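The values are calculated or read from the model by the stated rules, or taken from the named source; none is laboratory data. These figures come from a predicted structure and were not determined experimentally. Neighbour counts run over all protein chains shown; Cβ positions are idealised from the backbone, glycine included. To get the accessible areas, we keep the full protein, side chains included, count just its heavy atoms, and leave off ligands, DNA and RNA. Shrake-Rupley method; radii C 1.70, N 1.55, O 1.52, S 1.80 Å.
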Amino acid sequence: MFVDDVEVREEGEMARISATLGSQETWFELPSEHFRGSVGDALTCLAMFPAMTGATTEVQVPEQYPVSQRLFDSLPLQQATFQTWSKKLQPVTYRVRRSEGTSSDDRVVSSFSGGVDSLYTALRHNNEITHFVYIHGYELKLEDDPDGQGLARLHRAAERLGKELIVVKTNALTVFSSFRIQRLLIYGTFMAAVAHLLGPRRFLVPSSAPLNYLEPSGSHPMTDPRWSTETVEILYDGDERFRLDKMKCIDEAGMLDDIVVCHYNFEANCCRCAKCIRTMMGIELQGLTRSAFSEPLTTAAVRRFEINNSPDGPPFGEYLDLARKSGNKKWVRAMAYAEILYRLKAILKSLMGLVDDLVTGGRLMSSRASRMAQDDGWFKVEVP
Ligand SMILES: [Zn+2]
């Protein structure tokens with residue numbers, strides 16, 4: 001069956017939805033008043049990646065939890081797309097009881113973490129959005145906010161925009177890790193599962209990269225809308241803007257002081273990680289409000305910036321162009337240094353492959369690649 005032991009329980013003001021995927025128990029907790037969606041649709045999305053690791057060839061969702069016909073029809077194409085991005089994934093068939101979708105209401109929900117992308121989407125659709133949702137247990141672990149200060153910060157940011165913040169807690173990331181599925185691959189699935197538990201009319205997934213820099217990712221303008229049903233429309237939002245432009249919009253709305261983008265700290269920006277540094281660069285180059293960052297940006301930090309470990313890899317040129325236009329030689333030199341290192345590493349890697357092709361017919365690189373694949377064993381997005 002693969003999806004077993006489904007349980008829906010009310011505990012005080014919270015609803016708890018749990019199920020076993022393979023042999024792993026996964027659960028979600030959300031306020032009962034907002035649990036208005038379809039458990040069958042949520043489980044259909046959640047089960048797909050674990051099943052595609054080869055754990056099963058067939059997913060059966062229990063009959064009492066019907067699944068949207070539209071969602072069911074999109075599954076073969078959805079799986080085929082993800083197979084091109086992560087070649088080890090195996091296709092699976094679904095056996096479900098189909099429905100025309102559950103009823104939805106007038107809520108329009110947007111995912112919200114208080115970072116650049118979600119704040120931009122929040123401002124852009126401020127008139128339409130009725131609620132924000134934060135999935136606690138995805139970007140940061142549940143234990144990463146022991147005193148609740150991080151969540152309190154998010155509630156304050158939501159209040160400033162006049163929205164209610166719905167917090168959904170889950171252990172699903174741990175479950176996906178046990179199947180060795182990379183986090184980047186499953187972001188859209190997480191969003192879709194939460195959207196289907198909430199059951200709003202529309203659910204917005206803020207984009208991370210602009211359209212011309214899109215790469216394979218678990219959340220993508222091609223795949224996110226395919227998780228939609230007859231009643232819940234899921235949209236990928238904000239890919240028409242560069243991150244720098246988004247930051248400017250947020251600053252103009254007076255909300256840049258509120259952003260927290262950090263990989264390592266839920267409550268405040270650490271000013272050291274790649275996400276903090278690139279945001280500080282955007283602020284510095286555009287002369288925007290910088291009080292969300294307690295430490296100054298140094299040229300040493302920019303020189304050390306690892307472009308290949310950042311979602312801003314190729315778009316880094318936008319930052320360099322802006323530095324040139326601003327005429328600030330200090331930043332131009334520091335950014336040029338970081339970019340030169342990035343490009344040299346790429347050239348070196350490519351040259352090593354070509355020399356190997358010439359001398360050994362590609363034997364060294366292919367054996368290295370197969371060794372790495374054997375050692376690793378994770379299901380990852382394979383960026384060309
Ligand atoms: Zn940080």
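The table that follows gives values for the structure above.
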{"read-out": "Hey, Glu215 open to solvent by 20 Å² or more (accessible area, probe 1.4 Å), in a loop (DSSP other than H, G, I, E, B), touching a residue at least 24 places away in the same chain (Cβ under 8 Å) and within 16 Å of the ligand (Cβ to nearest atom) or not", "value": "no"}
{"read-out": "Meets criteria (under 30 Å from Glu63 (Cβ atoms), assigned by TED's automatic domain parsing to the domain that holds Asp73 and either in a loop (DSSP other than H, G, I, E, B) or in contact with a strand residue (DSSP E or B) (Cβ under 7 Å, 6 or more places away or on another chain) (or both)) for Val109", "value": "yes"}
{"read-out": "Test set (1) at pLDDT 85 or above; (2) surrounded by 14 or more Cβ atoms within 10 Å (Cβ to Cβ); (3) not small (Gly, Ala, Ser); (4) not in a helix (DSSP H, G or I) - Asp312 fails condition number", "value": "(1)"}
{"read-out": "Subset of the stretch 55-75 (residues that are surrounded by 13 or more Cβ atoms within 10 Å (Cβ to Cβ) and not aliphatic (A, V, I, L, M))", "value": "Thr56, Gln60, Pro62, Tyr65, Pro66, Ser68, Gln69, Arg70, Phe72, Ser74"}
{"read-out": "Within the stretch 269-286, considering residues that are part of a loop (DSSP other than H, G, I, E, B) and touching a helix residue (DSSP H, G or I) at 6+ places or on another chain (Cβ under 8 Å), the one surrounded by the most Cβ atoms within 10 Å (Cβ to Cβ)", "value": "Asn269"}
{"read-out": "Test for Ile166: is it part of a strand (DSSP E or B) and more than 16 Å from the chain's Cα centre (by Cα)", "value": "yes"}
{"read-out": "Single residue of the stretch 76-90 satisfying the filter (surrounded by fewer than 17 Cβ atoms within 10 Å (Cβ to Cβ) and in contact with a Gly (Cβ under 9 Å, 6 or more places away or on another chain)) that is modelled with the highest pLDDT", "value": "Gln90"}
{"read-out": "Enumeration of residues in the stretch 42-54 that are among the small types (Gly, Ala, Ser) and crowded, with 19+ Cβ neighbours inside 10 Å", "value": "Ala42, Ala47, Ala51"}
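Condition check ((1) over 23 Å from the mean Cα position of the chain (by Cα); (2) under 25 Å from Tyr134 (Cβ atoms); (3) open to solvent by less than 40 Å² (accessible area, probe 1.4 Å)) across all residues:
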{"residue": "Arg9", "(1), (2), (3)": "yes, yes, no"}
{"residue": "Gly22", "(1), (2), (3)": "yes, no, yes"}
{"residue": "Leu30", "(1), (2), (3)": "no, yes, yes"}
{"residue": "Gly40", "(1), (2), (3)": "no, yes, yes"}
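So that you can scan it fast, the table gives a plain yes or no per residue for (1) over 27 Å from Pro225 (Cα atoms); (2) within 16 Å of the ligand (Cβ to nearest atom); (3) free of Cβ contacts under 8 Å to residues at least 40 places away in the same chain:
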| position | (1), (2), (3) |
| --- | --- |
| Asp237 | no, no, no |
| Leu244 | no, no, no |
| Lys248 | yes, no, no |
| Gly254 | yes, no, yes |
| Val261 | no, yes, no |
| Glu267 | yes, yes, no |
| Cys273 | yes, yes, yes |
